[in-house]
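A short worksheet on the structure shown next.
The values are calculated or read from the model by the stated rules, or taken from the named source; none is laboratory data. Treat the numbers as computed from the prediction; the structure is a model and nothing was measured. Note that each Cβ is placed from the backbone with ideal geometry, even for glycine, and that neighbours are counted across all protein chains shown.
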Amino acid sequence: MKRTISVMVGKGSVNHNSRKFHAKNTDPERSDRNVEYCNQDIREVYHELFDEVLVIYNDRQTRSDRRIDDYYEKILASKQEKTFHEIILQIGNKDDMGAKTGDGQLAAKILDEYMSGFRERNPTLRVFSAHLHMDEATPHLHIDFVPFTTGSKRGLETRVSLKQALAALGFRGGTRSETEWKQWVAAEKKQLAAVMLQHGIEWEQKGTHEKHLSVLDFEKKERAKEVAELEIKKAELQEENAAFEEINETLQEQLTGIDEEIYSLQRDLEQSRQEAEKAQKQADKYQKRMNELAPMVKNMERLAAEFSTDPEQALPEAAVMESAKSYREKKAKPIVTKLVQILRSVYSGYLNISNKFEKLQPAYNKERSENERLTNRLEEVLNENRDLRVAAIDLGCVKTVFGSRQVEDAISWAKQQEQTKKETSVRKRLEQAKENVEIRENGKRNKKSKGKDMER
């Protein structure tokens with residue numbers, strides 16, 4: 001027995017899939033034969049997948065307009081991504097696998113077995129709704145999922161992305177006819193064909209199953225396929241555009257950060273200048289006072305020592321009418337003692353001012369050094385700011401000329417080349433180190449050999 005496999009892009013009507021309402025092509029009397037694998041509210045899925053990373057993303061934002069209040073609503077309004085995707089899988093058609101026939105029951109069993117391994121095969125496609133319908137002409141399977149990627153360097157660390165979700169599964173688009181989606185669909189067809197073969201059904205790939213359709217119906221189906229492919233391509237192009245928008249957003253965030261750093265540096269620089277000016281004024285004040293005191297205290301310590309060592313030698317003899325002892329004890333000694341105290345006090349004041357000046361000098365030098373550092377850093381940041389703005393303009397020009405896909409591939413190739421270069425450099429250093437060790441070991445062995453020969 002041979003049967004065809006059909007995989008179509010669904011409209012994603014979850015209410016229809018769960019039979020909250022019945023279309024004209026359904027038989028409500030057979031709806032109890034349908035199988036519901038899961039039917040979870042999509043908003044709950046978004047909270048489950050993205051709430052944690054959303055908090056981290058919002059905490060990093062310095063501008064309130066870049067915060068995301070509701071990630072589901074953001075994707076819902078997005079032109080780059082869909083909130084979810086749906087595929088419909090069917091074996092044969094109503095003429096050879098009708099739902100009311102035994103072959104139809106076999107088709108349902110095969111689809112059920114296929115579904116059991118779907119989530120394990122596709123961990124980056126979060127299935128939230130899946131239904132096997134037996135109340136229509138031919139058994140078929142609806143699978144609704146949210147594609148997501150983790151470890152993103154831009155935007156949310158975990159975000160919605162069909163392209164990246166499929167890439168994580170090993171499907172990377174090369175040409176227009178070999179997109180990630182087409183590769184993945186082809187792989188899933190093979191999975192379904194393998195289950196069919198276990199039940200004695202071969203996969204018919206010639207397309208002869210379309211013969212029963214009228215020419216008009218056949219053309220309608222072909223146009224529907226083309227539309228579905230165009231929708232996938234549109235989603236891919238939108239995602240590529242979103243990637244460039246994220247790159248641009250990252251550049252703008254960096255520019256904003258640099259602007260803030262510039263403001264902070266300018267503020268710190270002004271404060272440093274004020275502190276330096278204050279320190280300079282204080283230093284000038286002490287210097288002026290030291291210059292005034294310097295002539296006065298030049299020989300002060302020597303005079304104080306002379307007077308304090310033997311004050312009797314520095315005093316004149318007593319007058320005729322007054323005894324020497326009385327003159328020295330009552331008049332001379334108190335005067336000399338007071339003079340020594342004054343001299344020492346003045347000298348101590350001079351030393352105190354001198355010490356303050358010496359202590360102030362390092363603080364002044366530190367402020368001057370910090371001032372120079374801030375000035376240099378400000379110049380560096382201004383240059384970085386200028387370079388980033390030029391880079392943002394250049395990126396837009398490159399995108400316009402070469403297209404998003406080509407630029408993304410070029411960036412990826414450049415990163416790979418840089419990584420290869422680093423790995424080659426490390427390998428060469430290891431080989432050189434190994435060679436140096438071998439040279440040293442050979443040198444040691446040669447020395448030992450010569451020593452033994454000399455002993456002989």
Checklist entry - Say we look at region 3-47 and pick out the residues that are part of a strand (DSSP E or B) and of a type in the set (A, V, I, L, M, F, W, C); which of these is surrounded by the fewest Cβ atoms within 10 Å (Cβ to Cβ)? => result 38
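In region 72-92, is there at least one residue being among the small types (Gly, Ala, Ser) and either surrounded by 18 or more Cβ atoms within 10 Å (Cβ to Cβ) or not assigned by TED's automatic domain parsing to the domain that holds residue 15 (or both)? Don't jump to the end; show me each part of the working.
From region 72-92, those among the small types (Gly, Ala, Ser) are 77-78, 92; that's our starting set.
Going one step further and asking which of them are either surrounded by 18 or more Cβ atoms within 10 Å (Cβ to Cβ) or not assigned by TED's automatic domain parsing to the domain that holds residue 15 (or both), we end up with 92.
Looking through region 72-92, at least one residue is among the small types (Gly, Ala, Ser) and either surrounded by 18 or more Cβ atoms within 10 Å (Cβ to Cβ) or not assigned by TED's automatic domain parsing to the domain that holds residue 15 (or both).
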Next on the checklist: Pairs please, first residue from region 372-385 and more than 15 Å from residue 270 (Cα to Cα) and in the same structural domain as residue 275 (by TED's automatic domain parsing), second anywhere and aliphatic (A, V, I, L, M) and surrounded by 11 or more Cβ atoms within 10 Å (Cβ to Cβ), Cβ atoms under 7 Å, 6+ apart in sequence or on different chains.
Outcome noted: 381/258; 381/262; 381/265; 382/262; 384/258; 385/255; 385/258; 385/262
Next on the checklist: For region 129-139, check the following and say yes or no: at least one residue is at pLDDT 95 or above and outside any strand (DSSP E or B).
Outcome noted: no
Checklist entry - Is region 111-119 home to any residue that is assigned to a loop (DSSP other than H, G, I, E, B) and either under 25 Å from residue 155 (Cα atoms) or in the same structural domain as residue 146 (by TED's automatic domain parsing) (or both)? => result yes
Item to check | Checklist (1) free of Cβ contacts under 8 Å to residues at least 40 places away in the same chain; (2) surrounded by 18 or more Cβ atoms within 10 Å (Cβ to Cβ); (3) of a type in the set (Lys, Arg) applied to residue 119, failing item | outcome: (2)
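Of the residues 192, 125, 132, only one is crowded, with 18+ Cβ neighbours inside 10 Å and closer than 30 Å to residue 55 by Cβ; which? It would help to see each step written out before you state the result.
Working: 192 fails: closer than 30 Å to residue 55 by Cβ; 132 fails: closer than 30 Å to residue 55 by Cβ.
Only one candidate passes the filter, namely 125.
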